[in-house]
Amino acid sequence: MVTLCGLLESFEILLSQSQVADKELEELFARQENYTKEVPESRAFNCVSATLQKMRIEMSSSYNLHEVDLEPLDLLVIDEASQLKECESVIPIQLEAIRHAVLIGDECHPQARVKSRVSNEADFGRSLFERLGLFGHSEDLLNMQYRMHPEISSFPNLKFYKDQIIDAPSVLHGDFQKYYPPRPMFGPYSFINISNGREELDEAGHSMKNMVEVAVVMTMVRNLYKAWEGSKLGLAIGIISPYTAQIAAIENKVGHKYEKLKDFTVKVMSADGFHGGEEDVIIISTLGSDHNGGSDCFLSNTQLTNVALTRARYN
């Protein structure tokens, strides 16, 4: 890791120069190739992945905060604190001037992901937010939601938040609604049983897909597009599935059909990918059952279910 980090720093310096000679780059990558030959392939791959992850941490979080030329910081605010591993929260807390910390998070949303079974069983993914709750520290509930129509928020509010969430005046207003297609077809929640679908593994044999369900999803998108054409309102559609193969199959069908449209968008992601986001209409493609019992599936992870059911804005 030390060697790879050093190579990464050298690469950064090279790329920052106005002129980079091909020979210098060849020498740099040759050194990396020699290093990977000295360790098993899987270990070398893990090291490279860890190094790339370190790059992302440096760019997007507080990893190098201690090196930033700023006045001493005495207040720390951690957003999405329930998704941050405790060991990661410790990094900014190490700043000597920190006297106060504010943690903002939602325990009813997915927590930090830990792929290792051993680490997961050891609660390595537990957040500082969760630990403080276990110690009995009080929490201030931000109990007003501004995102979705009350008929959408009603079920998750009752199921996940003990009916403590209040709908803001803005979402209670009569103008806070879009009916695509007209209301007789869809309400706040609609369930479509696809009885003739056939679930199959993808080419790699790792993830499930259902092409009949893909076809139904695309039919719904086309119907929404037709309804949108006759209106003057923008429409953003989100399609969620717990299976990477299903996401890929839907993306393949969507293609570039709607890319150039200004007020009509279609996004296809996992529930994790939609965390923190919102769209006018959400279509959830579940494939009907939880095949592997993994944390990626709605039926085994109520936190993912909560995210999926609370991404839509309008009734």
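The values are calculated or read from the model by the stated rules, or taken from the named source; none is laboratory data. Since we're looking at a predicted model, the values are computed, not measured. Positions of Cβ are backbone-derived with ideal geometry, glycine not excepted, and every protein chain shown enters the neighbour counts. For accessibility, only protein heavy atoms count, side chains too; no ligands or nucleic acids. Shrake-Rupley method; radii C 1.70, N 1.55, O 1.52, S 1.80 Å.
Run the 1.4 Å probe and let me know the accessible area of R113, rounded to the nearest 10 Å².
Per-residue accessible area (R113): approximately 120 Å².
So how long is each side of region 190-277 along the principal axes, counting just the alpha-carbon atoms, biggest first, in Å?
43, 29, 24
Could you rank T244, T305 by how accessible they are, 1.4 Å probe, largest area first?
T244, T305
Enumerate the calculated ³J(HN,Hα) couplings along region 87-96 in order (Karplus 6.51 cos²θ - 1.76 cosθ + 1.60, θ = phi - 60°), each rounded to whole Hz, writing x wherever the residue is Gly or Pro.
5, 7, 5, 5, 4, x, 5, 6, 4, 4
Just to check I understand the Karplus step: with θ = phi - 60° and J = 6.51 cos²θ - 1.76 cosθ + 1.60, what whole-Hz values come out for region 217-228, glycine and proline as x?
Coupling constants for region 217-228: 4, 5, 4, 5, 5, 5, 5, 5, 5, 4, 5, 5 Hz.
As a quick test, which of the pairs K178/K260; K178/K267; K159/K267 have an alpha carbon distance above 25 angstrom in this structure?
Long pairs (Cα-Cα over 25 Å): K159/K267.
In whole Hz, what ³J(HN,Hα) sequence does region 107-120 give by Karplus (6.51, -1.76, 1.60; θ = phi - 60°), x for Gly and Pro?
Result, rounded to whole Hz: 5, 8, 9, x, 8, 4, 8, 10, 7, 6, 5, 4, 5, 5.
So who's got an amide H within less than 5 Å of the one on I239, skipping anything under 5 residues away but keeping other chains? H placed 1.01 Å off N, in plane.
Those qualifying (amide H under 5 Å, at least 5 residues apart or on another chain) are K267, V268, M269, I283.
For region 107-171, what does the alpha-carbon gyration tensor say about shape, rounded, prolate or oblate, given a ≥ b ≥ c as the root eigenvalues, a/c under 1.5 as rounded, and a/b over b/c as prolate?
Prolate.
Does region 84-203 come out rounded, prolate or oblate by the C-alpha gyration tensor, with a ≥ b ≥ c the root eigenvalues, rounded set by a/c under 1.5 and, if not, prolate when a/b is larger than b/c and oblate if not? Intermediate values should be presented prior to the final figure.
Working: a/c = 2.88, a/b = 1.42, b/c = 2.03.
In terms of gyration-tensor shape, oblate.
Given the protein chains as shown and a 1.4 Å probe, how many square angstrom of K159 are accessible, to the nearest 10?
Taking all protein chains as shown, K159 has close to 130 Å².
Under the rule a/c < 1.5 gives rounded, and otherwise a/b versus b/c splits prolate from oblate, where does region 244-285 land using the Cα gyration tensor? Don't jump to the answer; show the numbers that get you there.
Numbers: a/c = 2.21, a/b = 1.12, b/c = 1.97.
Oblate.
Using only the heavy atoms of the protein chains and a 1.4 Å probe, how would I13, I239 rank by accessible area, largest first?
I13, I239
E9: accessible area at probe 1.4 Å, nearest 10 Å²?
110 Å²
Ranked by accessible surface with a 1.4 Å probe, highest first, in what order do F124, F191 come?
Of F124, F191, the descending order of accessible area is F191, F124.
Using packing as a proxy for protection, rank 255-263, 166-174 so that the peptide with the highest average count of other Cβ atoms within 10 Å comes first.
166-174, 255-263
Residues with amide H under 5 Å of Y314's amide H, sequence separation 5 or more or different chain, H placed in the peptide plane at 1.01 Å from N; which?
Distant-sequence amide H within range of Y314: H149.
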